[in-house]
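Below: the structure, in structure tokens.
The values are calculated or read from the model by the stated rules, or taken from the named source; none is laboratory data. This structure is a prediction, so every number in the text was calculated from the model and none was measured. As a convention, Cβ positions derive from the backbone with ideal geometry for all residues, glycine included, and neighbour counts pool all protein chains shown. Ligands, DNA and RNA are excluded from the accessible area calculation, which covers all protein heavy atoms including side chains. Shrake-Rupley method; radii C 1.70, N 1.55, O 1.52, S 1.80 Å.
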Amino acid sequence: MAAPALLLFGLFGLVPLVGVVVLSLADWDGLGSVGWAGLANWSGVLTDGATWQALGLTVKVMLVSWLVQTPVALALGVFQAPRGRARALFSVLFFLPLLLSAVAIGLTWQALLDPSFGIGATPGLHWLAQPLLGSPDLALYTVIFVIAWQFVPFHALLYQAGIRQIPTSLYEAAALDGAGPVTRFLHITLPQLKYTMVTSSTLMLVGSLTYFDLIFVLSGGTGGPGTATRVLPLAMYITGFQAHDMGRASAVATLLVVLGLALSLLMTRLSGFTRMDSQQEGM
């Protein structure tokens with residue numbers, strides 16, 4: 001029964017990965033003949049200061065995105081969990097950003113953040129009339145804000161589903177004992193959402209290693225201003241398709257795969273996710 005899925009995974013997952021690993025050992029400009037480079041590409045990538053700067057920015061995006069998205073998504077999940085027409089309508093509307101392409105979102109926010117014609121031109125919002133995407137100090141945090149705007153609804157949906165699986169008897173018993181909303185949230189909701197948080201955090205952190213299209217659009221394809229938003233996936237693209245060094249770009253791609261796999265395994269091991277117990281359905 002698993003053969004078709006394994007076949008597709010091997011065809012579209014393992015075969016390209018093996019090809020990238022092999023290409024990371026080659027010298028190729030993307031058009032000409034392929035030559036053997038050995039470990040020269042890896043040596044160049046690992047000793048290049050630009051690689052470590054891009055990796056540092058990637059880790060920064062990862063951590064700040066998690067710190068921003070997790071509490072907001074959790075709060076929205078708690079709000080959306082009780083059933084009701086108004087909350088259901090809000091959930092549908094709030095989910096819309098996930099239905100839009102990253103290019104559309106990037107172009108929209110580029111226009112909104114334009115210092116001359118964007119939302120900064122609105123009376124009372126003149127403090128936004130500054131080059132948020134053009135400032136080396138603010139560009140990365142502006143990009144993180146846009147990323148959060150796009151992906152918070154997805155993680156809020158995970159928390160909403162997790163909360164609805166919590167047995168209502170726990171809340172009823174706590175209410176009979178005099179526990180207030182805050183106490184019930186801290187001692188029932190949060191502990192019961194442990195594995196939902198693990199799932200959300202894993203998707204969020206590992207997904208941060210793949211942010212490319214949105215940052216590409218917002219930065220004009222350069223990772224600018226300067227290299228302020230040149231995260232590792234964007235650096236890989238620039239190396240491969242602008243500098244025409246597919247060998248080093250493949251080495252960066254392989255490095256991203258290794259980092260993502262290691263991070264996912266680490267979070268699974270530390271959280272005890274593989275030993276989790278199922279919970280009975282709640283509300």
(request) Could you figure out which of (1) surrounded by 16 or more Cβ atoms within 10 Å (Cβ to Cβ); (2) in contact with a helix residue (DSSP H, G or I) (Cβ under 8 Å, 6 or more places away or on another chain) isn't true of residue 164? (result) (2)
(request) Provide a single number: the residues in the stretch 83-99 that are touching a residue at least 60 places away in the same chain (Cβ under 8 Å) and either open to solvent by less than 70 Å² (accessible area, probe 1.4 Å) or more than 20 Å from residue 185 (Cβ to Cβ) (or both). (result) 3
(request) For residue 78, work out the one condition from (1) closer than 26 Å to residue 230 by Cβ; (2) part of a helix (DSSP H, G or I) it doesn't fulfil. (result) (1)
(request) Only residues that are open to solvent by 10 Å² or more (accessible area, probe 1.4 Å), under 25 Å from residue 19 (Cα atoms) and either among the polar types (S, T, N, Q) or in contact with a Ser or Thr (Cβ under 7 Å, 6 or more places away or on another chain) (or both): list them for the stretch 204-234, please. (result) 206, 209, 210
(message) Tell me whether the stretch 100-118 contains one or more residues that are within 23 Å of residue 192 (Cα to Cα), assigned to a helix (DSSP H, G or I), hydroxyl-bearing (Ser, Thr, Tyr) and open to solvent by 20 Å² or more (accessible area, probe 1.4 Å).
(response) no
(message) Of all residues being open to solvent by less than 60 Å² (accessible area, probe 1.4 Å), in a loop (DSSP other than H, G, I, E, B) and of a type in the set (A, V, I, L, M, F, W, C) in the stretch 126-151, which is farthest from residue 55 (Cα to Cα)? Just the residue, please.
(response) 129
